[in-house]
Amino acid sequence: MLLALIWVGSGPTTNGQTGERPARLAVLDFGDSNLGRLASEKIASNLRHGTIVILDHEQVRAAARGAGYGGSINLSLDEARDLGAALGCDFFILGDAQTLRRSPSTGPIYFESYASLFTVSARTGRLIHWERPSFQGATAAIAEQALLSELAGSDQQRNIELSVRRAEEDERGERELTTDQQVPIIEEAPDDDNSAAAAGLRLPRPYRRLIPEYPESAARAEAEATVDVLVDLDSSGEVTRVEIARWAGFGLDQTTVATVRRLHFFPAIRNGVAIPIRVLLRYNFRKPTQ
């Protein structure tokens with residue numbers, strides 16, 4: 001794993017319980033393969049039996065193409081919000097589905113079919129839920145049928161609906177908190193040392209660089225991704241707030257946040273005085289070599 005550190009400055013119209021309209025959700029194709037299209041269509045069809053309004057699949061495909069979406073499942077908050085705006089939804093699901101032929105060192109050859117599913121809030125751009133169902137079979141057809149059956153099941157529908165409802169509640173609470181309280185403004189760090197020096201600023205630096213572990217959940221998916229985190233530091237160099245700015249799923253976001261919260265910094269200095277500041281840390285994850 002490599003580490004880089006960057007500093008930078010059509011359904012029901014209302015919901016019977018809340019009086020608000022139900023969430024509108026778009027399901028994108030999970031890659032260009034036939035399995036990817038079948039998997040996303042299975043998810044969309046399954047969710048139509050629930051409480052969420054599912055946008056027309058063909059219109060979603062057209063909107064995604066028009067927005068220039070290339071199939072990434074490692075988005076920044078801005079990228080995710082822009083995509084959600086183009087789709088015209090409150091939440092969207094993107095992902096990747098494939099069937100792989102496995103040749104273990106011991107035992108017979110088998111096939112693995114999996115789907116990496118990412119549910120994203122179009123309002124905040126945050127990843128609110130991820131999972132990766134995976135099935136094995138003696139043939140590709142057997143493995144794929146098991147996967148598609150899972151995606152059509154009630155557990156899948158329930159997991160997505162719960163994550164959407166939880167995100168709606170969290171976002172509602174955040175809006176109320178922002179309205180009720182004055183949020184302090186914190187300066188963002190310049191892009192580099194030269195820009196900082198020109199502004200009379202010495203950038204903060206960690207006492208010790210810590211590398212997040214590559215979790216087993218990521219290893220099973222052989223995930224490679226970038227996680228960006230915005231970090232607020234107080235005038236003593238202590239971490240006061242951490243927010244994911246580019247998410248990756250597979251447990252990589254959680255292990256990154258946990259590591260960043262353990263960091264301690266020499267504070268930012270301007271004209272000899274320590275000041276609070278916001279920095280961006282970037283962690284590039286690569287699957288371990290065999």
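The values are calculated or read from the model by the stated rules, or taken from the named source; none is laboratory data. Not measured: the values here are computed from a predicted model. Here the Cβ is made from the backbone with ideal geometry for all residues, glycine too, and neighbour counts use every protein chain on show. All accessible areas refer to the heavy atoms of the entire protein, side chains included, with ligands and DNA or RNA removed. Shrake-Rupley method; radii C 1.70, N 1.55, O 1.52, S 1.80 Å.
Here's a check for you: in the range 198-214, which residue that is among the basic types (Lys, Arg) and in a loop (DSSP other than H, G, I, E, B) is surrounded by the fewest Cβ atoms within 10 Å (Cβ to Cβ)?
The initial filter retains those residues of the range 198-214 that are among the basic types (Lys, Arg), namely 202, 205, 208-209.
Checking the rest, the ones that are also in a loop (DSSP other than H, G, I, E, B) come to 208-209.
Values: Arg208: 7, Arg209: 10.
Per the criteria, the residue is Arg208.
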Revision key, fill the gap. Within the range 59-98, residues open to solvent by 40 Å² or more (accessible area, probe 1.4 Å), under 27 Å from Ala140 (Cβ atoms) and not in a loop (DSSP other than H, G, I, E, B) come out as Gln98
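Hey, among Ser217, Ser195, which residue is within 22 Å of Arg126 (Cα to Cα), among the polar types (S, T, N, Q) and open to solvent by 20 Å² or more (accessible area, probe 1.4 Å)? Show your work before the answer.
Numbers: Ser195 fails: within 22 Å of Arg126 (Cα to Cα).
Selected residue: Ser217, the only one of Ser217, Ser195 that is within 22 Å of Arg126 (Cα to Cα), among the polar types (S, T, N, Q) and open to solvent by 20 Å² or more (accessible area, probe 1.4 Å).
I'm trying to understand the selection: among the residues of the range 222-258, which are part of a helix (DSSP H, G or I) and within 15 Å of the chain's Cα centre (by Cα)?
Our first condition is that a residue be part of a helix (DSSP H, G or I); within the range 222-258, this holds for 252-258.
Passing the criteria: Leu252, Asp253, Gln254, Thr255, Thr256, Val257.
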Review point. What's the number of the condition Glu243 fails, among (1) in contact with a strand residue (DSSP E or B) (Cβ under 6 Å, 6 or more places away or on another chain); (2) surrounded by 17 or more Cβ atoms within 10 Å (Cβ to Cβ); (3) not hydrophobic (A, V, I, L, M, F, W, C)?
Key: (2)
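Strands (runs of 3 or more DSSP E) wholly in the range 107-156 with at least 2 residues that are open to solvent by less than 20 Å² (accessible area, probe 1.4 Å) and not hydroxyl-bearing (Ser, Thr, Tyr) - which ones? Spell out how you get there, then give the answer.
On the way: elements: 110-121, 127-131, 134-137.
Passing ranges, in order: 110-121.
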